[in-house]
Amino acid sequence: MKKVMKVKKNPAAPMTGEKIRYIDLFCGLGAFHAAFNTSKHFECVLACDIDEGVRKIYEANYGLKPHGDIRKLDIPNMPDFDILCAGFPCQPFSIAGNGEGFKDTEKGNLFYDILNIIDGKNPKMCLLENVKNLKTHDEGRTYDTIETELKKRGYLVTSRCCNAVDYGSPQARTRIFIVGTKMPFVIPEPTITTFTPVSAILDTPSDATVAANSRVKLHNYTLVEKKGDSKPGKPHILYDLISKVTGKGGRQGERVYDVDNVGITVCASSGGPGAKTGLYKVGDVIRRLSVRETLCMFGFSSDYNFAGTTDENSLFYLGNSIVVNVPLSFVPVVESYFGRS
Ligand SMILES: C[S@@+](CC[C@H](N)C(=O)[O-])C[C@H]1O[C@@H](n2cnc3c(N)ncnc32)[C@H](O)[C@@H]1O
C-alpha cells in the first residue's frame, strides 16, 4: 500500500493569495503601518492607541479608525492576524522616564495586555519595539521577563538595537526591536554605510515655516563654543547654552547641533529653547526643526496629514515615534518569512 506522505505545514505561512495581516498596537503615528504600506502583501486589520489626537491623525493617513485603550479590546472578537506589532509605552523603561518598568501599574504592565492578545490569538510573529534601555533595565530582568513570556508561548525570540542613522535617517535614534516567531528569523543587518546629514532634509530658505521656527528666544543664554571633533554618524554639538539667570545649561534642548552631521534624538518630553527637536545652526540662524523637517527625520512622507493638530503637538507625537526606515528594512525578510516576495 502506498504510504501517504505527510506534508509538513509551514506554521508561518498564511493561505496562498491572502495578504499578511497585522495589528498595530500602541499605533502612534503609524511608523509600522507606513513601512508595511510600501508592500502590496500587507494589510492592517486593527490598530489601537489611547490618545484621541493620535487616533484622528492615524485615520486621516491610513483610512483605519484605531480602537482606544488596549485594556478594553474585545480579544475573542478581534479579527485574525499574522503579525502583532506593538511599540508599547517606553517611559517606564527610558532614562528620561520614571524607570519603574513593570512596577509602573499604568504603563509598564501593558506588556501583559500584549500577552493576553497573544494568548487569545496566537499570531505567527510578534514585532515589539521599545527604548534600548529596556535591555539593561533592572539589570536585564525586564528584558528576560519579556523573552521568557514569549518563549513560554512557543516563540523563538531575537532582538537587535537599531540606530536609525544606520538605516539612512539623519536622526540618531536607537530602539530595540524584539521579534518572536514560530520558526527561525534573522533581523537583517543594516546595509547603509554612509550617514545622511541633517542638511539633506532642511526646508528651503523661502519656506515660511523656517521663519516661524527661527524664533527661538536665546537672549537669556550665553553660547559657549564646544570643543571637540565631529565624528561621522554621531550628533556634533557646536554650542552649549548657559542660562544667564541660573548659570546652568547643557540639557538636550540647550545645545546647538551641527547640520553637517546626523541630528540628535527627537524627544517628546525634552524642554528648553530647543524643545523636542533640538537646536541647529542653519546658516547664521539658530533654530529648531520644522514639522516637515522632523517628519523627514523619521522617514515619514513630508505630506503626512496631521489633521489640523498644532505644530507643538505634532512634534510631541513625532517624539514618541520610531523611525520608519528601520521597520522598512524588515519588510523583505518578513515577506520571505511568509513565503512572499
Ligand atoms: C512609544 S508610542 C508608540 C509609537 C508607535 N510605535 C509609532 O510608530 O509611532 C506609545 C503609544 O502608546 C499609546 N498608549 C499608551 N497607553 C496606551 C493604552 N493603554 N492603550 C493603547 N495605547 C496606549 C500612547 O498614546 C502612544 O501613542
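The values are calculated or read from the model by the stated rules, or taken from the named source; none is laboratory data. For clarity, every value in this text was computed on a predicted model and none was experimentally measured. Note: ideal-geometry Cβ built from the backbone for every residue, glycine included; neighbour counts use all protein chains shown.
Restricted to segment 143-180, and to residues there that are among the β-branched types (Val, Ile, Thr) and buried (at least 22 other Cβ atoms within 10 Å of the Cβ), the residue that is nearest to residue 293 (Cα to Cα) is 165. Considering only segment 82-114, state which residues are more than 14 Å from the ligand (Cβ to nearest atom) and modelled with pLDDT of 90 or more. Within segment 82-114, 82 is the sole residue that qualifies.
Could you say whether any residue in segment 184-191 is farther than 30 Å from residue 84 by Cα and at pLDDT below 90? No - not one qualifying residue is present in segment 184-191. Annotation note: Cβ proximity below 9 Å between a residue of segment 40-53 that is over 16 Å from residue 81 (Cα atoms) and touching a residue at least 40 places away in the same chain (Cβ under 8 Å) and a residue that is within 15 Å of the ligand (Cβ to nearest atom) and part of a strand (DSSP E or B) (sequence gap 6+ or interchain) occurs for no pair. Quick one: is residue 318 under 21 Å from residue 167 (Cα atoms) and touching a Ser or Thr at 6+ places or on another chain (Cβ under 6 Å)? Yes; evaluated as a whole, the condition is true for this residue.
Is segment 145-161 home to any residue that is within 30 Å of residue 279 (Cβ to Cβ) and not assigned by TED's automatic domain parsing to the domain that holds residue 277? Yes, the conditions are met somewhere in segment 145-161.
Of everything listed in (1) farther than 22 Å from residue 35 by Cα; (2) surrounded by 21 or more Cβ atoms within 10 Å (Cβ to Cβ); (3) among the hydrophobic types (A, V, I, L, M, F, W, C), the single unmet condition for residue 218 is (2).
For segment 246-288, a residue qualifies if it is more than 14 Å from residue 221 (Cα to Cα), aliphatic (A, V, I, L, M) and modelled with pLDDT of 95 or more, and the qualifying residues are 259, 262, 264, 266. Examine segment 29-37 for a residue that is within 15 Å of the ligand (Cβ to nearest atom), over 19 Å from residue 323 (Cβ atoms), of a type outside the set (A, V, I, L, M, F, W, C) and at pLDDT 95 or above, and state whether such a residue exists. No, segment 29-37 contains no residue that is within 15 Å of the ligand (Cβ to nearest atom), over 19 Å from residue 323 (Cβ atoms), of a type outside the set (A, V, I, L, M, F, W, C) and at pLDDT 95 or above. The test for being more than 16 Å from the chain's Cα centre (by Cα) and within 16 Å of the ligand (Cβ to nearest atom) does not hold for residue 261.
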